[in-house]
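Heads up: the structure comes next, in structure tokens.
The values are calculated or read from the model by the stated rules, or taken from the named source; none is laboratory data. These numbers were taken from a predicted model, which means no experiment stands behind them. Here the Cβ positions follow ideal geometry from the backbone for every residue, glycine too, while neighbour counts run over all protein chains shown. Accessible surface is based on the protein model in full, side chains and every heavy atom, while ligands, DNA and RNA are left aside. Shrake-Rupley method; radii C 1.70, N 1.55, O 1.52, S 1.80 Å.
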Amino acid sequence: MSQPILLLRKADLEAGKVRKVDVNGCALAVYNLDGTFYATQDGCTHATASLSEGEIVDDECIACPVHDGTFHIPTGQPMSFPCEHAIRTYKVIEDGEDVLVDLDQESDAAADAI
């Protein structure tokens, strides 16, 4: 069984924002969508851009800063061209004021979408 790793404290990321967090050599984009936290790979599958430098749009999508293609944050699914391949999602655990990630598990929403 994998060990969850601390990403940040809830107070460190305000609602509607995204930030890059490096965990064990893995660059993650961490999102706060109205108090619910998500984590995905930081690299866009289309243009190797850093998704954490993009904007959250349509309440649950991240727009790539290079070509404006979008991904659904909870599931990682591509939502608009030129993005065609899903981004990896990770299981996030909220424990009190801490936000942790399990790098060995997909997000619940991504697993449910399969």
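What number of residues within segment 1-19 are closer than 12 Å to Tyr38 by Cα, of a type outside the set (A, V, I, L, M) and touching a Leu at 6+ places or on another chain (Cβ under 7 Å)? If you could, list the steps in order and put the result at the bottom.
Initially, segment 1-19 is screened for residues closer than 12 Å to Tyr38 by Cα, giving 7-8, 10, 13, 15-19.
Subset that is of a type outside the set (A, V, I, L, M): 10, 16-17, 19.
Narrowing the set further to residues that are touching a Leu at 6+ places or on another chain (Cβ under 7 Å) leaves 19.
Adding up the residues that qualify gives 1.
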For segment 64-96, which residues satisfy the criterion of being of a type in the set (Gly, Ala, Ser), touching a residue at least 24 places away in the same chain (Cβ under 8 Å) and closer than 23 Å to Val23 by Cβ?
Gly76, Ala86
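For segment 90-101, state whether one or more residues are modelled with pLDDT under 95 and either open to solvent by 50 Å² or more (accessible area, probe 1.4 Å) or of a type in the set (Lys, Arg) (or both).
So in segment 90-101, the residues modelled with pLDDT under 95 come out as none.
No, every residue in segment 90-101 fails to be modelled with pLDDT under 95 and either open to solvent by 50 Å² or more (accessible area, probe 1.4 Å) or of a type in the set (Lys, Arg) (or both).
Can you report the number of residues in segment 20-33 which are open to solvent by 40 Å² or more (accessible area, probe 1.4 Å) and either modelled with pLDDT under 95 or in contact with an Asp or Glu (Cβ under 8 Å, 6 or more places away or on another chain) (or both)? Don't jump to the end; show me each part of the working.
Step one: list which residues in segment 20-33 are open to solvent by 40 Å² or more (accessible area, probe 1.4 Å), which gives 20, 22, 24-25.
Still in the running and either modelled with pLDDT under 95 or in contact with an Asp or Glu (Cβ under 8 Å, 6 or more places away or on another chain) (or both): 20, 24-25.
Final tally of qualifying residues: 3.
Anything in segment 64-79 that is part of a loop (DSSP other than H, G, I, E, B) and open to solvent by less than 40 Å² (accessible area, probe 1.4 Å)? List them, or say none. Lay out the reasoning, then the answer.
The first filter runs over segment 64-79 and keeps only residues part of a loop (DSSP other than H, G, I, E, B), leaving 64-69, 73-77, 79.
Listed by number, the residues that qualify are Cys64, Gly69, Ile73, Pro74, Thr75, Gly76.
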Identify all residues within segment 35-63 that are assigned to a loop (DSSP other than H, G, I, E, B), open to solvent by 20 Å² or more (accessible area, probe 1.4 Å) and either of a type in the set (Gly, Ala, Ser) or in contact (Cβ under 8 Å) with a residue 24 or more places away in the chain (or both); write none if there are none.
Gly35, Thr45, His46, Ala47, Asp59, Glu60
Of the residues that sit in segment 102-114 and are exposed (fewer than 15 other Cβ atoms within 10 Å of the Cβ) and not charged (D, E, K, R), which one is farthest from Pro74 (Cα to Cα)?
Ile114
